[in-house]
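The values are calculated or read from the model by the stated rules, or taken from the named source; none is laboratory data. Just so it is clear, the model here is predicted, and its values are computed rather than measured. For neighbour counting, all protein chains shown are included, and Cβ atoms are generated from backbone atoms with ideal geometry for every residue, glycine included.
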Amino acid sequence: MPAVGGIAPTGDKEYPGNLTLYVTVTCIVAAMGGLIFGYDIGISGGVTSMPSFLKKFFPSVYRKQQDHNSSNQYCQYDSETLTLFTSSLYLAALLSSLVASTVTRKFGRKLSMLFGGLLFFAGALINGFAKAVWMLILGRILLGFGIGFANQSVPLYLSEMAPYKFRGALNIGFQLSITVGILIANVLNYFFAKIKGGWGWRLSLGGAMVPALIITIGSLVLPDTPNSMIERGQRDEAREKLRKVRGVEDVDEEFNDLVVASEQSKLVEHPWRNLLQRKYRPHLTMAILIPFFQQFTGINVIMFYAPVLFNTIGFGNDASLMSAVITGIVNVVATMVSIYGVDKWGRRFLFLEGGVQMLICQVIVAVCIGAKFGVNGNPGELPKWYAIVVVLFICIYVAGFAWSWGPLGWLVPSEIFPLEIRSAAQSINVSVNMLFTFLVAQIFLQMLCHLKFGLFLFFAFFVVLMSIFVFLFLPETKGIPIEEMARVWKTHWFWSRFVTEEDFPVGSLEMGKGGGSLSKSV
Ligand code: BGC
């Protein structure tokens, strides 16, 4: 999850500041937060396609997998415990992000990061040494709790420590580190699967201990953010800290803005009630629908289960893991394209282009799989060109996602919520995302068994819906300063019914002066 608070202040302000050691270390720790999340997303599909892992923990799936010819390929992985292994993490993340927001606010970002790191470490340790299925699931739940804490605190910490001119880039940078985490997981799975004796999966699962340790140690050595100190009434120390963090003496302007922002955010007493006001209808709609749609692109079918899917459609184990590496690389590169283009081409263009691209690929993949596997799921011999075509279109699909809904699904909500509702709206955004991530992980293998190749058409249908939604209801937010965001709703053909001149008179600032855009979110 990207930097939820990562909105750059707007207007003409230029707070002085350098890329100091503090900031560099902060970025490394923050990158670890994204990395470990991505690692957990990517790792499970690879290990579940390793025969030794299946044999040990999911023997019935293993038997079906061995019995290639007589069983229906679509259903070979249809097992509730196997699904639970993947999905339990997201349910735990959903629950803990609700608790984590209070811990982060009341006790500071560092403590949440420390919790996150320790939970990650414990989860990875238990998974690496797992002897029974319950240990696997317990480990995944702990990792999920860790994700809730880390995703809440790391991005916030990052957005408060980074010089403002880097904040926008860091927002998508966090998403980039998620994709790098997924890729690392795919690459390690590929190599660890080759280890003789079939215990490579232990390294795959235990490998998450490395970034977990870095987060834990980071949270111990990194200082509190100036924002957090101001909130707790330590103004003089906060000013001193800001000087050190920025590496310059003259931090008065930024410091004063931080104080203003902190005071303003204290005035926000009822973020949840505020969110229900009529004038916030567009924001509420986006906070729910954007994460919902992001998950209903079907992306996590690929991210979680690519090796399983490739296996299902007839690739050998090695080829399946290799194909997952290839889609992982495409994911990283296409996210970079988004970083490059988001402020040039705008959000709407990327959303719509990505939608069309995903749609076309989903239909082609459905046709390819349908043509070979039919409805009974027994393909016979699969020619090589067929495998290449499927992987190619899955890659083009992943690229479409990775430069549209992937990063923008996080960026757009974070730039449209005014301070008054930011904490509540951001929690909804994160929770809805986790909820549907969980659901997709939970139902995919069953859906594959029942809907067969039609599964891709199911997600294609949602891609059509979301593209129409973007076309009609999502205004362009490129280059709009956060304090002028009300304008886009007031002039929108549909949302102007809810957001009127009286709600946000011209010249009124939604967020207070520049510093107000330093998020105190989540
Ligand atoms: C989504 C994740 C997904 C990842 C893939 C993120 O934006 O929220 O669910 O796995 O992108 O790169």
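Restricting to segment 468-522, and then to whatever is within 22 Å of Ser265 (Cβ to Cβ) and charged (D, E, K, R), can you tell me which residue is modelled with the lowest pLDDT? If we take residues in segment 468-522 being within 22 Å of Ser265 (Cβ to Cβ) and charged (D, E, K, R), then Lys520 is modelled with the lowest pLDDT.
Conditions (1) away from the ligand (no atom under 16 Å from the Cβ); (2) within 23 Å of Gly181 (Cα to Cα); (3) among the aromatic types (Phe, Trp, Tyr), marked per residue:
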{"residue": "Val260", "(1), (2), (3)": "yes, no, no"}
{"residue": "Ser265", "(1), (2), (3)": "yes, no, no"}
{"residue": "Gly298", "(1), (2), (3)": "no, yes, no"}
{"residue": "Pro307", "(1), (2), (3)": "no, yes, no"}
{"residue": "Phe310", "(1), (2), (3)": "yes, yes, yes"}
{"residue": "Phe315", "(1), (2), (3)": "yes, no, yes"}
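Only one of Ile137, Ile126, Ile182 is more than 21 Å from Ala441 (Cα to Cα) and among the β-branched types (Val, Ile, Thr); which?
Working: Ile137 fails: more than 21 Å from Ala441 (Cα to Cα); Ile182 fails: more than 21 Å from Ala441 (Cα to Cα).
Of the residues listed, the single one that is more than 21 Å from Ala441 (Cα to Cα) and among the β-branched types (Val, Ile, Thr) is Ile126.
Examine segment 276-288 for a residue that is part of a helix (DSSP H, G or I), within 15 Å of the ligand (Cβ to nearest atom) and buried (at least 24 other Cβ atoms within 10 Å of the Cβ), and state whether such a residue exists. Yes, some residue in segment 276-288 is part of a helix (DSSP H, G or I), within 15 Å of the ligand (Cβ to nearest atom) and buried (at least 24 other Cβ atoms within 10 Å of the Cβ).
Would you list the helices (runs of 4 or more DSSP H) that sit entirely within segment 201-260 and hold 2 or more residues that are acidic (Asp, Glu)? Even if it seems obvious, please write down each step before you answer.
Values: elements: 209-221, 226-231, 235-246.
Result: 235-246.
So Ala402 passes all but one of these: (1) small (Gly, Ala, Ser); (2) modelled with pLDDT under 85; (3) under 24 Å from the mean Cα position of the chain (by Cα). Which condition number does it fail? Among (1) small (Gly, Ala, Ser); (2) modelled with pLDDT under 85; (3) under 24 Å from the mean Cα position of the chain (by Cα), Ala402 violates only (2). Within segment 398-424, being assigned to a helix (DSSP H, G or I), within 16 Å of the ligand (Cβ to nearest atom) and among the polar types (S, T, N, Q) holds for one residue alone: Ser414. Residues in segment 201-216 that are of a type in the set (A, V, I, L, M, F, W, C) and modelled with pLDDT of 90 or more were compared, and the one that is surrounded by the most Cβ atoms within 10 Å (Cβ to Cβ) is Leu205.
Does Lys344 meet the test of being modelled with pLDDT under 85 and away from the ligand (no atom under 16 Å from the Cβ)?
Numbers: modelled with pLDDT under 85: no; away from the ligand (no atom under 16 Å from the Cβ): yes.
Taking the combined requirement at face value, the residue does not satisfy it.
From the list Val432, Val440, Val463, pick out the single residue that is farther than 24 Å from Gln76 by Cα, touching a Ser or Thr at 6+ places or on another chain (Cβ under 9 Å) and within 16 Å of the ligand (Cβ to nearest atom). Exactly one of Val432, Val440, Val463 is farther than 24 Å from Gln76 by Cα, touching a Ser or Thr at 6+ places or on another chain (Cβ under 9 Å) and within 16 Å of the ligand (Cβ to nearest atom), namely Val463.
Taking Leu321, is it out of contact with any Cys (no Cβ under 7 Å at 6 or more places or on another chain), closer than 23 Å to Ile41 by Cα and crowded, with 16+ Cβ neighbours inside 10 Å? Show your work before the answer.
Working: out of contact with any Cys (no Cβ under 7 Å at 6 or more places or on another chain): yes; closer than 23 Å to Ile41 by Cα: yes; crowded, with 16+ Cβ neighbours inside 10 Å: yes.
Yes; evaluated as a whole, the condition is true for this residue.
Exactly one residue among Leu419, Leu411, Leu439 is surrounded by fewer than 18 Cβ atoms within 10 Å (Cβ to Cβ), within 27 Å of Asn151 (Cβ to Cβ) and among the aliphatic types (A, V, I, L, M), and that residue is Leu439.
Does any residue of segment 316-336 turn out to be of a type outside the set (A, V, I, L, M, F, W, C) and closer than 28 Å to Lys478 by Cβ? Please lay out each step first, then the result.
Filtering segment 316-336 for residues of a type outside the set (A, V, I, L, M, F, W, C) gives 316-318, 320, 323, 327-328, 331, 335.
Adding the requirement that they be closer than 28 Å to Lys478 by Cβ leaves 331, 335.
Yes, segment 316-336 has at least one match.
Answer yes if at least one residue in segment 19-40 is at pLDDT 85 or above and out of contact with any Gly (no Cβ under 7 Å at 6 or more places or on another chain), and no otherwise. Scanning segment 19-40 turns up at least one residue that is at pLDDT 85 or above and out of contact with any Gly (no Cβ under 7 Å at 6 or more places or on another chain). Are any residues in segment 463-478 touching a helix residue (DSSP H, G or I) at 6+ places or on another chain (Cβ under 7 Å) and not β-branched (Val, Ile, Thr), and if so, which ones? Hits for segment 463-478 are Met466, Ser467, Phe469, Phe471, Leu474, Pro475, Glu476, Lys478.
Table: residues versus (1) in a helix (DSSP H, G or I); (2) in contact (Cβ under 8 Å) with a residue 40 or more places away in the chain; (3) among the polar types (S, T, N, Q).
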site: Asn429; (1), (2), (3): yes, yes, yes
site: Val432; (1), (2), (3): yes, yes, no
site: Phe444; (1), (2), (3): yes, yes, no
site: Cys449; (1), (2), (3): yes, yes, no
site: Leu472; (1), (2), (3): yes, no, no
site: Arg487; (1), (2), (3): yes, no, no
site: Trp493; (1), (2), (3): no, no, no
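Gly454 meets all of the listed conditions (1) more than 23 Å from the chain's Cα centre (by Cα); (2) surrounded by 18 or more Cβ atoms within 10 Å (Cβ to Cβ); (3) modelled with pLDDT of 85 or more but one, namely (2). May I ask you to list the residues in segment 89-111 that are surrounded by 23 or more Cβ atoms within 10 Å (Cβ to Cβ) and within 30 Å of Gly46 (Cα to Cα)? Those that are surrounded by 23 or more Cβ atoms within 10 Å (Cβ to Cβ) and within 30 Å of Gly46 (Cα to Cα): Leu89, Tyr90, Ala92, Ala93, Ser96, Ser97, Ala100.
Looking only at segment 292-313, filter to residues that are at pLDDT 85 or above and not hydrophobic (A, V, I, L, M, F, W, C); which one of those is surrounded by the most Cβ atoms within 10 Å (Cβ to Cβ)? Looking at the filtered set, the residue picked out is Thr297.
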